[in-house]
Structure formats: C-alpha cells, structure tokens
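The values are calculated or read from the model by the stated rules, or taken from the named source; none is laboratory data. No experiment lies behind these values; they were computed from the predicted model shown. Please note: Cβ atoms are built from the backbone with ideal geometry, for glycine as well, and neighbour counts cover all protein chains shown.
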Amino acid sequence: MVDQNVGWFKAEQLKEATRMLKRFFDWHSNNPRDLVFVEQAFEVQCGRAVLRGSVDRLERDPITGNYFVVDLKTGATVTAQDAQEHKQLAAYQLGVLAGGFKDLPPDAISDGAGLLFLAKETKKNETIDQAPIDVETVIAEVKAAADGMAAATFTAIINKRCRTCAVSALCPLQAEGRSVID
C-alpha cells in the first residue's frame, strides 16, 4: 500500500493541485461574469420528485443580469454535444429558473451553464457550455424519471454507463445478469 501523505506521491498530488489551481485562476481572471454564490444549495419540487443539489459557482452577467452556472470538473472532458445534453447542468439551471435558490429573485433568467475542466489541459481554458434550458421539458424529464423509479417494475435500458454499473450482475440485459435458463 502506498502512503499518500509522504514522499513522491504527496509531491505529485501537490504539483497536480497547483496546476489545476493555476488553470482555474487563469480562467477566473478572464471571466466577465460576477460571482454570486459558491457551493450554494438549491431545491426544486417536480411532481413526486424533489430535486436537490448544490452548484459549484453561480455567476451573474453584469450587463444583462442573467445567471450562469459553472460546474468545476477534475475528470475526463466531454464533447460540446455531451454538454448540451448534460442532466446535471440542466438540473442546476432548473434551480435558477424554478426558484430553487432562496436568495435569487423569482424572475431570475438563466444564460446557460458550463463545465470547467481543471485536470486535463485543453486547447482553450474555457467552459464547455449548455444553452439555456426549456423549464417544462426538464421538469417533465425529472417527473418521468421519478415515476419510472417509483414504479413496481424498472425497465433496464442499455446505455453508455452499463460498463460501470454496480448492478450489472443482476441486469437481464447483461450476460452475467441473465438467467441460466434463457
């Protein structure tokens, strides 16, 4: 076992953390928006579901007054298309638009949301953005997910997360989850 608090491992972790902080501060120095919240919790009721979370950063455009969510990431980057479909970013925007943040005005407008990747060097040190959401569409998606998860049965669906699923051994769509009499 490697002791992560001494020697070369600790030095490498410090080096990597320092590099990510520099990347963040370089981005921050060029960011035109004003910081409103850091690690701010929100809550939105969507039918039987209560959507809760906290945003890394909520910012405000000083010209339009509109809000923009920034989610800091230290993992692998995503494509621009993946960012457009990113459910976590959509949930954060819903928090802005549906009154989920208690200290925002009830008529708050979202300019979208973005993922800022700090661990991996990218050509541009900027967020990968999601356009402003349609509130009714996102609420309908949350309600449908809640209804599906609360149902008597749960429909398995093959998707890109199957390879990391914790219950694949129980899934009828996976070889290891199928009955021996199939």
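What single numbered condition from (1) modelled with pLDDT of 95 or more; (2) of a type outside the set (Gly, Ala, Ser); (3) part of a helix (DSSP H, G or I); (4) within 30 Å of residue 160 (Cβ to Cβ) fails to hold for residue 20?
It fails just one condition, (1).
Kindly provide the set of residues from the range 4-17 that are surrounded by 13 or more Cβ atoms within 10 Å (Cβ to Cβ) and either part of a strand (DSSP E or B) or of a type in the set (Val, Ile, Thr) (or both), ordered by number.
Within the range 4-17, no residue meets the criteria.
Evaluate the range 136-157: report whether one residue or more is in contact with a Ser or Thr (Cβ under 8 Å, 6 or more places away or on another chain) and of a type in the set (A, V, I, L, M, F, W, C).
no
Restricting to the range 80-97, count the residues that are crowded, with 20+ Cβ neighbours inside 10 Å and over 11 Å from the mean Cα position of the chain (by Cα).
Summing the residues that are crowded, with 20+ Cβ neighbours inside 10 Å and over 11 Å from the mean Cα position of the chain (by Cα) in the range 80-97 gives 4.
Within the range 77-95, identify whether any single residue is assigned to a strand (DSSP E or B) and small (Gly, Ala, Ser), and answer yes or no.
no
Can you work out which of the residues in the range 57-79 that are within 23 Å of residue 17 (Cβ to Cβ) and basic (Lys, Arg) is surrounded by the most Cβ atoms within 10 Å (Cβ to Cβ)?
Ranking the qualifying residues of the range 57-79, first place goes to 57.
From 69, 38, grab the single residue that is within 21 Å of the chain's Cα centre (by Cα), over 30 Å from residue 140 (Cβ atoms) and in a strand (DSSP E or B).
It is 38.
Mind counting the residues in the range 122-167 that are part of a loop (DSSP other than H, G, I, E, B) and either exposed (fewer than 10 other Cβ atoms within 10 Å of the Cβ) or not charged (D, E, K, R) (or both)?
Counting residues in the range 122-167 that are part of a loop (DSSP other than H, G, I, E, B) and either exposed (fewer than 10 other Cβ atoms within 10 Å of the Cβ) or not charged (D, E, K, R) (or both) gives 22.
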